[in-house]
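These notes concern the structure reproduced below.
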Amino acid sequence: MSAGGVATKASVPCAAACLAALAACATFSDTIQSTERSLAQQQPKIALTEYEKHPPSGPDKVLHLMNKGMLLRMAGDYADSTRALEQTKPLMQELSAVSVSEQALSVAVNDATKSFVGADFEQVAVRTYLALNYLEQGQLDAARVEALQVDVLLREKTESSPDSPYAEDAFARYLTGIIYEDEREWSDAMIAYRKAYEAYQKQLNSFSVAVPESLKHDLIRLADRMGLREEARRYRQEFGIKETPSVAALLERGEIILTVHAGLAPVKRERSATMVNPASGRMLRISLPQYRSRAQPFGYARVSAESVSATTSRVENIDAIAVKTLEAEMPVITARAIARMAVKDTMAKAASSSGNSGSNSAAAGAGLLGLAVNIAAVLTERADTRSWFTLPGEIHLARLSLPPGEYNVKIELHGRDDHVLGASELKVALQKGEKKYVSRHWIPTNLEVRP
């Protein structure tokens, strides 16, 4: 069989795969639109119902579970959220080794045909949110397991991509430190707090998140507890903090640890260019992904009980992390898109020329097939715009220490201009040495919905 014949036979299933890919893209886009509209209306349960209307395709199983887990968490169902997120872990490990067939299909069609396993920051976020879920369910030991997995995963990421803008996750490190301190594992807590501090400093220019106020006190407290006098002195001098409660003093009190998850992650969109090959007249198209940040009106939260209050600090800027991570990956993504454009053009050329040695009708048929392959190649040149879109744009955290007792705790959410965005109250009973973990998800009513 001639090379032209092989190319012609290959072109038919390729065109079928192209049509399937187009349908999948439309379905995923529609699902996101309806889900985000419900979230903007402060209806996470309805958003979950909308999202569940469309079962995931094979390559999108992990993505579906990520978004399902976050929507369940927003709706306050921590148990089912945990089950969904736990399911992603073995799947991510299994699918990380891309099969030969998937790799070939991504070259022939587009990158969205590959199984989604998440960017590095999304994989770490799975463990981070599992830890938060366990903490809010009072399962400290299970949260500690996630903290250990965060340590392993971040070490692997750092070793494989030391120059990546996301070689560390400052908030994930900070959260593991809080967990270890809650377990009275002082040395591990101090190590985690140090790593968080170093990451915040190193990534300040990239992610615009300064060392949180609460972490400054945590570093001094643990350094004092471990007898690291010179290190404690350096922290006090750097942060301008003279006094901070000791570990022993805090163990006589209870503590509320509040996390606020504000907005949604940036919108991942496509930018494309279509042109005509002047030598052949065939159309060429290249499509690349890009993030567009959403407006973030949230400023801070204040948690108070009786006459005591604490204000949150921003601890994670997922918007900036997503943007910078994609920017670092763009040279590879662009090279792959150019190679794919060349492969598709070669297939269209081969299909067009497959009837050159035959009759006029064969040549005409080949010409039509070549045109069909060229059109299918252009239509299916789509950027991979899949992302964990229900992640927040930012995470904020505050720690409020209180004597043992029962409290009516008030949480106020404030905009960047200090006006109150919302308020809620809850009853909390604290015992000596006990930590209670509380979270709030806030999404603006004027949320920019993906087109």
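The values are calculated or read from the model by the stated rules, or taken from the named source; none is laboratory data. Quick caveat: nothing in here was measured; it's all calculated off a predicted structure. Cβ atoms come from the backbone with ideal geometry, glycine included; neighbour counts cover every protein chain shown. With ligands, DNA and RNA removed, areas are computed over all heavy atoms of the protein, side chains included. Shrake-Rupley method; radii C 1.70, N 1.55, O 1.52, S 1.80 Å.
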Excluding ligands, DNA and RNA, the carbon-plus-sulfur percentage of the accessible area of the chain with a 1.4 Å probe reads 54
With contacts defined as alpha carbon pairs under 8 Å and 6 or more residues apart, what's the relative contact order of the chain in percent? 22
Global size of the range 221-351 as Cα Rg and Dmax, reported in angstrom: 26.8, 80
Per the charge dipole of the chain (beta-carbon charges, Lys/Arg positive, Asp/Glu negative, Cα centre), the residue among Leu258, Gly281, Asn317 reaching farthest to the positive end is Gly281
Based on the alpha carbons, how large is the Rg to Rh ratio for the range 52-99 when Rh follows Kirkwood? 1.01
From the residues Val420, Gly405, Trp442, which one has its Cα farthest along the dipole of the range 363-450 in the positive direction, the dipole being from +1 and -1 charges on Cβ of Lys/Arg and Asp/Glu about the Cα centre? Gly405
Please give every one of the aspartates and glutamates within straight-line cross-link reach of Lys410, meaning a C-alpha to C-alpha distance under 17 Å, and leave out same-chain neighbours fewer than 8 residues apart. Glu255, Glu306, Asp418, Glu425
Which log10 I(q)/I(0) values, to two decimals, does the range 257-323 give at q = 0.17, 0.27 Å⁻¹ under the Debye formula with one point per Cα? -0.76, -1.16
What helix-only [θ] at 222 nm does the chain give? Using -39500 (n - 2.57) per DSSP H run of at least 4, over all residues, to the nearest 500, the answer is -18000 deg cm²/dmol
In degrees, nearest 10, range 0 to 90: what is the angle between the Cα axis of helix 213-225 and the longest Cα principal axis of the chain? 60
A student asked for the Cα radius of gyration and Dmax of the range 152-218 in angstrom ought to give 11.9, 34
If amide H atoms are built 1.01 Å from N in the plane of the peptide, which residues on other chains or at least 5 residues away come under 5 Å of the amide H of Leu421? Leu413, His414, Gly415
Cβ-defined net charge surrounding Ile286, 9 Å radius [Lys, Arg +1; Asp, Glu -1]: +1
Kindly provide log₁₀ I(q)/I(0) values, in the same order as q = 0.08, 0.09, 0.11 Å⁻¹, from the Debye equation applied to equal alpha-carbon scatterers of the chain. -0.53, -0.65, -0.89
Of the options Ala232, Gln139, Ser164, report the single residue whose Cα projects farthest towards the positive end of the charge dipole of the chain (beta-carbon charges: Lys, Arg +1; Asp, Glu -1). Ser164
